[in-house]
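*Asks:* Pasting a structure here, questions to come.
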Amino acid sequence: MALHPLAQRFADVADAYERARPEHPPAVAGALAAELSVPAGGRVLDLGAGTGKLSGALLAAGLDVVAVEPLPQLREHLAARIGAGRVIDGVAEAIPLPDESVRAVTVADAFHWFDQPRALAEIARVLRPGGGLAVLTTVPDWEGASWAQELGTLIMELRPEHPHFDGPPWKDAVRSAAGWGEPREVRVSTRVPARPELVADHVASMSWVAALPQDRRAQTLASVREIVMTGETPPELGLHVVIGLASLA
């Protein structure tokens, strides 16, 4: 199945994504495991796993992780993080796992790229009875940095129509699919060391920035560096992870 054109652009910025996107704190893995009743050693599928930011946290929490990712450039980082034996080439709409083979499925910052009805049917197929889904959204909080408002305006002015912002909420997709209980959300908030030199990499790893023509992309990232490096950055910045949860009925 063909990926969304913007999702395909992550192949061009895999290194920047790995460098600059925040790691998931241990509390995220703990929260979703507790909410979905996944025991220590329970088998979890991380779907659309990217470079393995969440996969690594789940593995560190003592879960048995298998990760599915369609882009080879991202899978290289993923395999380096969790081991090649845990990594599978595949897509959410045709998950290469047997029926009822995992206790939980996690999707970090990727659910909006899926053909959601098809993906939810596949997720339900691979889950054991009573298993659950966790849809994570990572929200960097740049409040406190002098450049936050200017940078945020620049980024949003570049954004085309995008399924994360312009598509239906994940809860609506779950409610429309058969066999799921009522979705709910929990939030994990933390603070992380601020590294202003990586902000340009974070912006570069955004799908719509990666899709810009080469000259405009270079100009944009030069502007980002100037905004950030000439501004003031506090020692720490916030990080919020919204965990959407749904269990098989």
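The values are calculated or read from the model by the stated rules, or taken from the named source; none is laboratory data. Quick caveat: nothing in here was measured; it's all calculated off a predicted structure. Here the Cβ is made from the backbone with ideal geometry for all residues, glycine too, and neighbour counts use every protein chain on show.
*Asks:* Return the residues of the range 59-106 that are among the β-branched types (V, I, T) and in contact (Cβ under 8 Å) with a residue 40 or more places away in the chain; say none if nothing qualifies.
*Replies:* V91, I95, V102, V105, T106
*Asks:* I would also like to ask the following. May I ask you to verify whether A218 is farther than 29 Å from L36 by Cβ and either surrounded by 19 or more Cβ atoms within 10 Å (Cβ to Cβ) or at pLDDT 95 or above (or both)? Don't jump to the end; show me each part of the working.
*Replies:* Details: farther than 29 Å from L36 by Cβ: yes; either surrounded by 19 or more Cβ atoms within 10 Å (Cβ to Cβ) or at pLDDT 95 or above (or both): yes.
Considered against the rule, which asks whether it is farther than 29 Å from L36 by Cβ and either surrounded by 19 or more Cβ atoms within 10 Å (Cβ to Cβ) or at pLDDT 95 or above (or both), A218 comes out as yes.
*Asks:* While we're here: Just to verify a result, which residue in the range 198-249, among those that are touching a Leu at 6+ places or on another chain (Cβ under 9 Å) and assigned to a loop (DSSP other than H, G, I, E, B), is nearest to R187 (Cα to Cα)?
*Replies:* Looking at residues that are touching a Leu at 6+ places or on another chain (Cβ under 9 Å) and assigned to a loop (DSSP other than H, G, I, E, B), I get M206.
*Asks:* Something else now. Being under 20 Å from L127 (Cβ atoms) and in contact (Cβ under 8 Å) with a residue 60 or more places away in the chain, is that true of even one residue in the range 189-207? First the steps, then the outcome.
*Replies:* Start the filter on the range 189-207 by keeping residues that are under 20 Å from L127 (Cβ atoms), which leaves none.
No, the conditions are met nowhere in the range 189-207.
*Asks:* Does L136 fit the bill of being surrounded by 14 or more Cβ atoms within 10 Å (Cβ to Cβ), more than 20 Å from the chain's Cα centre (by Cα) and closer than 30 Å to I227 by Cα?
*Replies:* Details: surrounded by 14 or more Cβ atoms within 10 Å (Cβ to Cβ): yes; more than 20 Å from the chain's Cα centre (by Cα): no; closer than 30 Å to I227 by Cα: yes.
It is false that L136 is surrounded by 14 or more Cβ atoms within 10 Å (Cβ to Cβ), more than 20 Å from the chain's Cα centre (by Cα) and closer than 30 Å to I227 by Cα.
*Asks:* Out of the range 23-47, which residues are closer than 18 Å to V139 by Cα and either surrounded by 24 or more Cβ atoms within 10 Å (Cβ to Cβ) or free of Cβ contacts under 8 Å to residues at least 12 places away in the same chain (or both)?
*Replies:* Residues of the range 23-47 that are closer than 18 Å to V139 by Cα, as a first pass: 23-29, 31-32.
H24, V28, A29, L32 - these are the residues of the range 23-47 that are closer than 18 Å to V139 by Cα and either surrounded by 24 or more Cβ atoms within 10 Å (Cβ to Cβ) or free of Cβ contacts under 8 Å to residues at least 12 places away in the same chain (or both).
*Asks:* Might you check whether a residue that is hydrophobic (A, V, I, L, M, F, W, C), outside any strand (DSSP E or B) and surrounded by fewer than 18 Cβ atoms within 10 Å (Cβ to Cβ) occurs anywhere in the range 55-74?
*Replies:* yes
*Asks:* Specify which of the listed residues (E157, E143) is in a loop (DSSP other than H, G, I, E, B) and loosely packed, with under 12 Cβ neighbours inside 10 Å. Lay out the reasoning, then the answer.
*Replies:* Details: E157 fails: in a loop (DSSP other than H, G, I, E, B).
Within the list E157, E143, the selection yields E143.
*Asks:* Can you name every residue in the range 208-229 that is of a type outside the set (D, E, K, R) and without any contact (Cβ under 8 Å) to a residue 40 or more places away in the chain?
*Replies:* Scanning the range 208-229 gives P213, Q214, A218, Q219, L221, A222, M229.
*Asks:* Could you check the range 76-100 and list, in sequence order, the residues that are basic (K, R) and farther than 20 Å from I123 by Cβ?
*Replies:* Let us first name the residues in the range 76-100 that are basic (K, R), namely 81, 86.
R81 - this is the single residue of the range 76-100 that is basic (K, R) and farther than 20 Å from I123 by Cβ.
*Asks:* Which number in (1) more than 26 Å from S205 (Cα to Cα); (2) in contact (Cβ under 8 Å) with a residue 60 or more places away in the chain marks the one condition that L54 misses?
*Replies:* Here L54 meets the rest and fails (1).
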